[in-house]
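**Student:** Dropping a structure here in structure tokens format, bear with me for questions.
Read the figures in this text as sums done on the coordinates, not as results from a lab. Predicted model, so just to flag it, every value in this text is computed and none were measured. Cβ: placed from backbone, ideal geometry, glycine included. Neighbour counts: every protein chain shown.
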Amino acid sequence: MKRFIKLTTVFLVILALFFIVPVLISESVLRKNAVFELKENTKHLIVGHSHPECAFNDSLIEDLQNVSNSGEPYFYASFKLKEILKDNPGVETVFIEFANNNITSKMDDWAYDDMFLEAQYTIYSPFMSQKDRSFLASNNTSGFINVLFLSSSSNINRAIKRQFNYSLGGFRYLDRDKTDSLVQLPLPTVEELKQFRQNLKFSTRSIQDLKKIIASCQQKGKKVYLIRSPLHDRYEDYDFESTYQKIRKENFSDIEYLDFSKFRLQDSEFADLEHLNYKGAKIFSTWFNGLLQKGLLDKKDKQKFIEAEYQSRLKVHSDTSR
Amino acid sequence: MLFNSVDFAIFLPIVFILYWYLTNKSLKFQNLLIVVASYFFYGWWDWRFLSLILFSTLVDYFIGRGLLSQENQTKRKLLLWTSILVNLGFLGFFKYYNFFIDNFVSAFSFFGTEIRASSLSIILPVGISFYTFQTLSYSIDVYRRKLEPTKDFIAFTAFVCFFPQLVAGPIERATHLLPQFYKKRKFDYGMAVDGMRQILWGLFKKVIIADSCAEYANMIFNNSADLSGSTLVLGAVFFTIQIYGDFSGYSDIAIGTSRLFGFDLMRNFNYPYFSRDIAEFWRRWHISLSTWFRDYLYIPLGGSRGGTWMKIRNTFIIFLVSGFWHGANWTFVVWGALNAFYFLPLLLTDSNRVNLDGIAKDRKLPRFKEFSKMTLTFGLTVFAWIFFRAESLSHAGSYISTIFSSSLFSAPEYLPIGLLLMILIFFTLEWISRERQHALADVFQIDKRIYRWGIYVVIGLFILFSHGKQQEFIYFQF
């Protein structure tokens with residue numbers, strides 16, 4: 001019995017060594033050679049999840065690249081951003097999406113739920129510290145162990161095939177319009193709202209990750225702005241708007257906040273209540289480009305400037321439609 | 001809990017250590033630990049269905065006790081039928097209720113009568129077809145006085161729920177497995193080491209062979225309308241290998257795990273794709289189910305005794321029931337019927353028991369005639385598996401008609417050379433080991449431990465690097 005256990009343990013240790021050594025080598029090769037290259041002359045970056053991914057059509061905005069990615073919480077965005085800033089010293093400004101759902105516990109699920117782990121860990125594992133890994137492992141042990149195997153083979157493959165170019169994300173062209181049917185849905189009752197707010201949980205981890213991203217950008221001398229992409233008036237997470245604003249002011253009062261959530265668009269220009277479709281993205285991106293050209297980033301009170309631009313846009317809009 | 005999951009990798013060593021260090025002093029404790037571990041193993045998937053296993057266990061235990069004290073033949077029959085009805089009742093409700101309702105409604109509407117009956121949203125409890133048959137074998141054997149009914153409730157519960165074979169077999173006979181719960185198990189080094197080897201080989205079959213083939217088989221079957229005949233042939237071959245790797249891999253892990261605990265389970269697969277005719281294939285494929293049907297259905301129906309029509313009837317019954325056992329879908333019934341048609345010529349010419357000896361015994365390679373027979377049998381099996389894998393009969397029909405079109409002679413859209421090479425290596429290893437229970441038994445008679453371990457490490461690394469996306473075992477759905 002003892003002999004069996006001893007030999008099995010020895011075998012498992014040998015197997016683990018043969019497994020771990022190539023994994024560590026491949027991770028180190030990828031870390032050294034990874035390329036996170038932006039388009040030439042990129043000065044501004046948009047980072048975030050699907051909201052900015054669908055809102056900022058960077059082909060219409062000068063010197064800007066959208067590196068947002070659906071379902072990407074700050075936890076994973078931090079690794080990507082760190083590498084991007086390392087490889088692209090020309091970047092001056094980083095716009096980081098800070099929407100209502102960025103502070104909810106949904107972001108924790110996006111960090112360590114099986115599906116998200118599988119999609120994100122396999123990409124960013126070479127750039128993670130032991131602390132980051134133990135955060136994932138402590139929250140979803142079996143999922144993490146599974147993804148370790150998956151990412152190991154994917155990293156070894158990548159290193160052998162010398163595929164060092166990493167995908168950065170980018171503008172998502174959405175050709176759908178579900179808003180008409182979504183706005184037909186009844187508004188939540190007072191009781192439902194109460195229930196919703198009671199069940200709502202916030203993610204301290206997400207806030208900490210955002211703080212880390214901001215600190216790392218500032219350390220490299222980059223200007224950071226928190227932004228909120230356009231949202232439909234019926235956007236569900238407006239239900240905790242006051243808490244959202246409170247958390248923002250408590251944690252990020254020193255970071256300039258540019259709120260585009262009230263940018264007026266037709267229902268047909270939304271893909272759903274929180275994403276623009278390609279039509280909405282075109283209108284918003286053209287307008288945002290104009291805003292940058294008019295010197296938005298040099299204004300003292302940027303939000304006031306944005307709101308004034310909203311008004312003049314609406315005025316032009318109503319004049320032309322008259 | 002899946003055998004190829006991290007959960008099981010944690011569960012197994014814990015139970016192993018507890019079993020050999022904590023409960024090894026007493027038989028009662030050993031059996032009790034098996035019951036607790038098995039209920040935990042099953043409850044990990046859905047604890048609500050534990051009540052079903054417990055109920056089935058209680059029914060058959062008390063019926064067994066009743067049969068012991070009952071001499072009146074009518075009352076004994078009544079007790080047996082109670083067991084059959086309860087067990088098959090559960091199986092029928094959970095597995096076949098919706099199928100029968102839907103078919104009744106369709107049949108009536110075909111004759112112009114609209115009837116209203118709603119299907120239920122029923123979850124099929126994992127392994128119900130397996131443990132139901134296992135407990136039935138106990139009641140039937142006790143009724144036939146082939147087996148003394150047990151007094152030991154814990155041993156009987158452990159027999160019903162023994163976790164290595166609870167959810168997908170092998171379907172054990174009470175006469176073989178139950179007595180093993182009466183004797184305290186002693187650790188046997190050789191048995192445990194061989195068990196580990198069999199687990200490793202089972203994992204290789206599942207993770208490397210079956211899951212890789214599944215990727216292509218799924219892709220091809222799901223898009224069969226848009227692919228050429230040659231690709232569909234390849235898809236059917238991939239599924240043929242997938243189902244073998246998947247199910248025999250599961251059986252290997254189950255048997256290997258049992259050996260770690262000092263149990264000997266019956267063999268479930270004996271290199272079926274090397275069979276020289278369909279009769280031999282059925283002696284080598286899912287042996288525990290085939291022999292169950294043989295002993296508890298075919299022989300009571302008269303078997304191959306009696307006239308020609310009787311033989312034909314019994315053959316069809318056993319294959320149709322076997323098909324239907326796999327699932328509540330006409331595709332399985334047709335798959336069973338097709339196998340009956342394959343079997344019939346052998347039965348009628350009295351040549352169904354020709355190939356009883358080992359394949360190419362004392363030779364390295366088969367003779368040309370043997371090889372041709374093996375290829376033909378494999379081809380027939382591949383064709384039958386199309387029905388088994390298809391979503392519906394019309395899907396199977398269109399799949400087959402595309403195969404027999406001019407596109408059969410075009411180049412296939414998918415040709416994964418790496419996988420085909422791996423399959424070739426796999427079958428070569430299986431061929432070399434065809435006289436043994438599994439390919440790693442005796443590890444090709446290599447004496448030096450370092451070389452043996454080298455092979456294990458390579459296989460282990462293949463498994464680890466291919467692991468990640470856990471694919472469920474196909475036979476869980478049955």
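**Student:** Which of the pairs A:Lys39/A:Lys161; A:Lys106/A:Lys249; A:Lys249/A:Lys315; A:Lys220/A:Lys249; A:Lys32/A:Lys131; A:Lys201/A:Lys249 have their Cα atoms more than 29 Å apart in this structure?
**Tutor:** Working: A:Lys39/A:Lys161 24 Å; A:Lys106/A:Lys249 21 Å; A:Lys249/A:Lys315 32 Å; A:Lys220/A:Lys249 24 Å; A:Lys32/A:Lys131 20 Å; A:Lys201/A:Lys249 18 Å.
Beyond 29 Å between Cα atoms: A:Lys249/A:Lys315.
**Student:** Note down the magnitude of the dipole of the range B:159-235 about its Cα centre, charges +1 on Lys and Arg C-beta and -1 on Asp and Glu C-beta and zero elsewhere, to the nearest 20 debye. All intermediate terms of the calculation are to be shown ahead of the outcome.
**Tutor:** Working: 8 positive and 6 negative charges, 132 e Å.
Dipole size: approximately 640 debye.
**Student:** Which listed residue (A:Ser50, A:Asn88, A:Gly143) has the Cα farthest towards the positive end of the charge dipole for the range A:34-321, taking +1 on Lys and Arg C-beta and -1 on Asp and Glu C-beta about the Cα centre?
**Tutor:** Of the options given, the answer is A:Asn88.
**Student:** What does the average come to when, for each residue of peptide A:15-23, you count the partner chain Cβ atoms lying within 10 Å of its Cβ?
**Tutor:** Numbers: counts 9, 2, 1, 5, 5, 0, 0, 2, 2.
So the per-residue partner count for this stretch is 3.
**Student:** Relative contact order for chain B using alpha-carbon pairs under 8 Å, separation at least 6, rounded to a whole percent?
**Tutor:** Numbers: 607 pairs, mean separation 86.1, N = 478.
With pairs under 8 Å counted, the relative contact order is 18 percent.
**Student:** If you plug each phi of the range B:364-380 into the Karplus form 6.51 cos²θ - 1.76 cosθ + 1.60 with θ = phi - 60°, what whole-Hz ³J(HN,Hα) values come out, in order, with x for Gly and Pro?
**Tutor:** Taking θ as phi minus 60°, the curve returns 7, 10, x, 6, 4, 4, 4, 4, 4, 5, 4, 5, 5, 4, 4, x, 5 Hz for the range B:364-380.
**Student:** Going through the DSSP H helices of chain A, which span 30 Å or more along their own axis at the Cα atoms while scoring at least 1.0 as a mean Kyte-Doolittle hydropathy? Write out the running numbers ahead of the final one.
**Tutor:** Numbers: long enough: A:2-33 (46 Å, 1.33).
Taking the DSSP H segments of chain A (at least 30 Å long, mean hydropathy at least 1.0), we get A:2-33.
**Student:** Taking the DSSP beta bridges in chain A as the whole, what percent of them are antiparallel, to the nearest 5? Let's see the in-between values first.
**Tutor:** On the way: 2 of 19 bridges.
The antiparallel fraction comes to roughly 10 percent.
**Student:** In the neighborhood of A:Leu85, defined by Cβ-to-Cβ distances under 14 Å, what is the net charge if each Lys or Arg adds +1 and each Asp or Glu adds -1? Write down the numbers at each step before the final one.
**Tutor:** Working: positive: A:Lys43, A:Lys80, A:Lys82, A:Lys86, A:Lys212, A:Lys220, A:Lys222, A:Lys223; negative: A:Glu37, A:Glu83, A:Asp87, A:Glu92.
Net charge around A:Leu85: +4.
**Student:** Can you give the helix-only mean residue ellipticity at 222 nm for the protein assembly as shown, where every DSSP H stretch with n ≥ 4 adds -39500 (n - 2.57) and the sum goes over all residues, rounded to the nearest 500 deg cm²/dmol? Can you show the working numbers first?
**Tutor:** Details: 33 runs with 474 residues, N = 800.
Mean residue ellipticity at 222 nm (helix-derived): -19000 deg cm²/dmol.
**Student:** Filter the cross-link list A:Lys212/A:Lys262; B:Lys205/B:Lys364; A:Lys86/A:Lys299 down to pairs whose alpha-carbon distance in this structure exceeds 26 Å. Please list the in-between numbers first.
**Tutor:** Values: A:Lys212/A:Lys262 28 Å; B:Lys205/B:Lys364 23 Å; A:Lys86/A:Lys299 28 Å.
Going by Cα-Cα distance, A:Lys212/A:Lys262; A:Lys86/A:Lys299 fall outside the 26 Å limit.
**Student:** What shape does the range B:6-186 have by the C-alpha gyration tensor, where a ≥ b ≥ c are the square roots of the eigenvalues, rounded means a/c under 1.5, and otherwise prolate means a/b greater than b/c and oblate the rest? Each step should come with its number before you reach the end.
**Tutor:** Values: a/c = 3.26, a/b = 1.44, b/c = 2.26.
Taking the square roots of the gyration eigenvalues as a ≥ b ≥ c, the range B:6-186 is oblate.
**Student:** Which lysines does B:Lys186 reach when only Cα atoms under 26 Å apart count, and residues fewer than 8 places away in its own chain are ignored?
**Tutor:** Within the straight-line cut-off, B:Lys186 pairs with A:Lys2, A:Lys6, B:Lys25, B:Lys28, B:Lys151.
**Student:** Now for a different question. Indicate, rounded to the nearest 5 percent, the antiparallel portion of the DSSP beta bridges found entirely in the protein assembly as shown. Could you put the intermediate results ahead of the total?
**Tutor:** Details: 2 of 19 bridges.
Around 10 percent antiparallel, to the nearest 5.
**Student:** Starting from the amide H of A:Val94, placed 1.01 Å from N in the peptide plane, find each other amide H under 5 Å away whose residue is 5 or more places distant or on another chain.
**Tutor:** HN-HN under 5 Å from A:Val94: A:Leu45, A:Lys223, A:Val224, A:Tyr225.
**Student:** At a 10 Å Cβ-Cβ cut-off, how would you order B:Val167, B:Val354, fewest neighbours first? Can you show the working numbers first?
**Tutor:** Values: B:Val167 25, B:Val354 13.
Taking fewest neighbouring Cβ atoms as first place, the list is B:Val354, B:Val167.
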